[in-house]
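Here the structure is laid out as C-alpha cells; the discussion comes afterwards.
Since every read-out is calculated from the coordinates, none of them should be taken as a lab result. All values reported here derive from a predicted model rather than from experimental measurement. Cβ placement follows ideal geometry from the backbone for every residue including glycine, while neighbour counts extend to all protein chains displayed.
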Amino acid sequence: MPKAARILLALVVLAAAVLLPRVAGPFWLGLVTQMYVFGLLALSVDLLLGHAGLFSLCHASFFAVSAYTTAILQVRHAVPTALAAPAGILAGTILGLVFGLAVRTRGVYFILITIAFGYVVWGVAHRWSSFTGGDNGVTNVPFPALGTLRVESPTEYYYLVLAVLVLCTIGYRVLVASPFGLTLRGIKASETRMRSLGYHSDLHLYVAFVVSAALASLAGVLYVYYNRFVNPVAASFPISVEVALMAIVGGTGTIVGPFIGSGIILGLRNWVSSFFELYASVMGLVFIVVVLWAPDGVVGLVVRLWVRAVKAGTR
Amino acid sequence: MALSAIEVGDLTKDFGGLRAVDRVSLRVAAGERRVLIGPNGAGKTTLFHCITGTLRTSAGRVSLFGRDVTHLPEHRRTALGMGRTFQTSNVFMDLSLLENLVLAIIGTDRRKWVMHRSVGTFEAVRAKAREGLELVALAHRANDAAKFLSYGERRQLELALALNSDPRVLFLDEPCAGLSPSERHSISRMIGELPRDITVLMIEHDMDVALRLADRVTVLHRGRAILEGTPTEVQTNPEVREVYFGHV
Amino acid sequence: MTTSAILQAINGTSLAALLFLLASGFTLTFGLMRVVNMAHGAYYLLGGYIGLSLAERTGSFAVAIVGGGASIVVLGYLIDRFLIRHTGDNHLAQVLLTVGVAFIIGDVALAIWGGDALKVPVPPFLRGAMELPGGLVYPTYRFVLILFGVFVGAVLWVLYRKTQIGAVVRAGVDDREQVSATGIDVDRLFVLVSAVASFLAGMAGVVGGAFLALYPGAEWEILVVALVVVIVGGLGSLEGAMVGALIVGLLDAYGRWLLPEFSYFVLFGPMAVLLLVRPRGIFGRES
C-alpha cells in the first residue's frame, strides 16, 4: 500500500473511533474499549512474537500485577491516579525484569518456562487472599482522576483509552522501525549470524522483554479502570494464550493486527456466549482453525488478496 | 617478532566421544592470507567455530593480536575485530539487503541500542550500507528481501556482512562453495583485492583459488594440523599429496 | 514438628509419583517426536473423569485405571493423527493447537461431569490409614501410590534402558535421523510411544483423582506442575522426569506446609535459579 493511502486509512479509522460514542450504545462502547485494552496487551505480546520470534505465555502476569497494584493503591490506600497508575506500570515492569530471565532459553523451553512463571502470579493472586482479596479480588475501583480533572463516564474513559492507544501505537511504530527494532528482527531471522556480527542477542531480547512487559502493564492499568475490579482471572493462563491468539489471528509483526485480532476474539466470544454454553469449545476450535488454516492471520490474508488484486489489475 | 593477528595454542574440540579438533596450534601474522585445506571432516569448520567463538573450545587457547579471547563470547570477539562468513549462507532472509548491511554496520557500535529514531534517519549508516552492497555488486537489489536472491548472490551478501562488521581478521568458510566458475572468479577477485590491513583466514576446497590467494597454507587432517608452509611447499609435499590430493 | 516434616516428605513423594506418571509421557513424546502436547493436562482430567464413571458403574478400581488410560490412548491417537501431525516441527503451532484441544476437552468435561470437585472412589482395602514404623500414621492410598509410581518408573526405565525398542527410542531422542537409518518403522514407533504417554496420562488422572479431586481447571494446575518437573529434569530425559518429579513433589509439599500463600514461589523460585545456571535442566544436554 502506498504511504499516502496508508495515512489516509489511518485517519479514517481514527475519525471513526472518535465518532463511535455518538452512534454506539453502552454495550458496544464497552466492547470496543475492551478491544483497545486487549489489543494493546496483544501488541505487547507481538513485540516479542512478531518481531523477536519469542512466544511468551506469561503476559497476563504483567497485566495483572499492574492492575492489582493500581487497584490496591487506589482503593485501599486512596492513592491518587497520578501515582497509582505509574506505580502499577512500574510494578509490572519490575516483574518483567525478573521474568525476563526466561530469555536465557529459546523455543519450547521459553514457552514452557513462561507458562510456569505465569502460574506463579496466578497462584499468588489466588492464594494470598489477605492481600489480593483471593478469588473476589479487589473491587470498587473508581474512575481515574488527575487533580480536578476526572473521568466521569464510560464515554470519557473511552476517549482516554483511545488517546493512550494512539500515543502507544505511534511510540511502538517508532520502536519497531528503530535500529533496536531491526536487531530484534535480525535475531528472529538468524541469531547465529547476529552473534557473529557482534550482538549480545540475549541482552537485546531481555530489553525487548522488559519493554514488552511495560506495555502489558500499561494495558493492565487501562483494564482495571475500565473493569472497575480485578481478580485472579486477569493473571490466568487462558488470558495469556488468548492474547497471543489475538496477535496471531490479526497478523503478527504488524501494528493493526493485534487490534483486529482482539476485536475478532472478543466479538466472537460475546456473540457465541450469548446463545451457546460451550463457548470455551468454540474458542478451542478457533485455536485449531487458526493454526491449521490461517497461520498468517487476517492481515496476512488481506495482504495476500491485495497482492493478488494488484497483480490482476496490472495484467 | 611482530604480534600475531591470531594465535591458537593446542586447541581441542570434542563432541561427545569424538575429537573433531586435536591440539591444533597456529600463528597467523597480521596482514597474512592463510588458507586451511584438508579433506572433508578434517575439522576445518569446527576449528573456525572455535576460534571465532561460535563453539566453545574443549581445551586450548585463542588470542587475537596478543589478547587472550579464549573465554570471551562470540559477540565480544567480533567487537575486538573478528569477522566471519558461514559455509552455508547465513543471511537475514526476511530482511532487505539494505537492512542486512545495516545490521552488520551497527553490530559493533552503540547505535544498535537506539530506540527513538527510525533506521531511515541514519544517513551515514545507509550510505555505508549502499557502498557495502556496491562493493559486492548487489546495490541494484538493495530493497529486495534476501530470500529472493540467487544462491550466488547470497554468497556475495554473506561476504558483504562479514566485511561491514569492520573486521581486522576475517574468517571465510569456503566462500566459493557451490558457485559457478564465473561467480567463483568474481568472489575470489574481491577477496584478493581486500586491503592488507585485514588479515584473512580462509577454508577453501578449490586448490586453484586457495593457492593463488594464500601466503601460507595449513593442512588439516583428522583434526590435526599436519603441515604448514608456502603454497609451493604444500603442493610438493608427499604426505599432503597422499592425504589430500589422493582423496580428491 | 519432626513428625510433620516426615509426613510432608511422604506427601511430597506420593505427589512426585503422580507427577512422574504425567511428566514421563510428556517428556518422552517431546524427546522422540519433538511434539509439545499441552493437552496432556486435559488427558489427565478426562482420563480421571472416565475412570470415575467406570468405577461408579463397575465398582472396580482396576477397571477404572485401565479404562481411563485406554480411552485416552484412543483419543490421543486421533488427536495426534488428525491434528498435531499437521503442525510439523512448529512448536508454537503445536502449543496453540493443543491448548485449543485442551480447552475443548475441558469444556466438554464440564458439560458432562459438572463443576463440582469429584473424587474417584478407592477400593476398601486402600482406604483408611496404616501405621508406619516409628508410630507414624499415614493414608494407605497415598503410600501405595508411591509404590505404584516406583513400579511404573522401574518398568519404564527397564523398557527405556534395557530393551531393543528402548534403545531405538533413546537413539531417536538424540538424533531422529538415526532411527530412520535403523530401518525401523518410525511412524509405528511414534504411535507406540505416544500411546504409552496417553495411557500414563489417563491412568494418572484416575490415580490422582482418587486423592486430589477432579474439577474444571485441575488440568492446567497439574500440567504446569508437570511442566516444572520437565523443565527441572530436562526435556526428553526419563531420568530427568524421575528426579524432577521428586524435587518438585517435595518442594510443593514443604511449600504448602511452611508458606501456604507463597507455595507457588517455593515451587518456581528454584526453577528460575536453575534456569540461570543450566537452561536445559539437570539432565538436559546443551545443544
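Below are the figures for this structure:
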read-out: If the convex hull is drawn through the Cα atoms of the protein assembly as shown, its volume per residue in Å³; value: 207 Å³
read-out: Over the range B:90-166, relative contact order from alpha-carbon pairs under 8 Å, at least 6 apart, %; value: 51 percent
read-out: Shielding score for A:172-182, defined as the mean number of other chain Cβ atoms within 10 Å; value: 6
read-out: Mean separation of Cα contacts under 8 Å, 6 or more apart, over the residue count of the range C:2-277: relative contact order %; value: 39 percent
read-out: Between 0 and 90°, nearest 10: helix C:186-209 axis offset from chain C longest Cα axis; value: 10 degrees
read-out: Karplus-derived HN-Hα couplings along the range C:118-123 (A = 6.51, B = -1.76, C = 1.60, θ = phi - 60°), whole Hz, x at Gly and Pro; value: 10, 10, 6, x, 9, x
read-out: For A:239-247, mean number of other protein chain Cβ atoms within 10 Å; value: 2
read-out: Measure of compaction for the range A:28-123 (Cα Rg per 2.2 N^0.38 Å); value: 1.18
read-out: C:Leu110, A:Leu218, C:Leu78 arranged by Cβ crowding within 10 Å, fewest neighbours leading; value: C:Leu78, C:Leu110, A:Leu218
read-out: Cα centroid of the range B:181-227 to Cα centroid of the range A:211-225, whole Å; value: 55 Å
read-out: Exercise: per-residue mean of other protein chain Cβ atoms within 10 Å, B:106-117; value: 6
read-out: For B:Glu239, A:Glu156, B:Glu99, order by how many other beta-carbon atoms lie within 10 Å, fewest first; value: B:Glu239, A:Glu156, B:Glu99
read-out: Projected-area average for chain A over all orientations - Cα convex hull basis, square nanometres; value: 18.4 nm²
read-out: The range B:18-57-the range C:75-109 distance, computed between alpha-carbon centres (Å); value: 45 Å
read-out: Cα extents of chain B along the three principal axes, largest first (Å); value: 57, 40, 39
read-out: Mean-position separation - Cα centroids, the range C:192-223 and the range A:1-39, in angstrom; value: 45 Å
read-out: Longest to shortest principal axis, alpha-carbon extents of the range B:90-166, angstrom; value: 35, 22, 20
read-out: Rg in Å to one decimal, and Dmax rounded to a whole Å, for the range C:179-243 via C-alpha atoms; value: 15.0, 46
read-out: Length-normalised contact order of the range A:186-315 in % [C-alpha pairs under 8 Å, at least 6 apart]; value: 18 percent
read-out: Long-range lysine pairs (8 or more apart or interchain), the protein assembly as shown, Cα under 20 Å; value: 5
read-out: Relative counts (whole %) of C-alpha pair distances in the range C:2-277, using bins that are 10 Å wide; value: 7, 29, 36, 22, 6, 1
read-out: Phi to ³J(HN,Hα) by Karplus 6.51 cos²θ - 1.76 cosθ + 1.60 over the range A:65-79, Hz, x for Gly, Pro; value: 4, 5, 4, 4, 4, 4, 5, 5, 4, 6, 7, 7, 10, 6, 6
read-out: ³J(HN,Hα) computed for each position of the range C:136-146 - Karplus, 6.51 cos²θ - 1.76 cosθ + 1.60, integer Hz, glycine/proline x; value: 6, 10, 9, x, 4, 4, 5, 5, 5, 4, 4
read-out: Shape call, the range A:205-288: gyration tensor on alpha carbons, a/c limit 1.5; value: oblate
read-out: Residues C:Ile112, C:Ile65 arranged by fewest to most Cβ contacts within 10 Å; value: C:Ile112, C:Ile65
read-out: Long-range amide H partners of B:Ala225 with built H, under 5 Å; value: B:Ser25
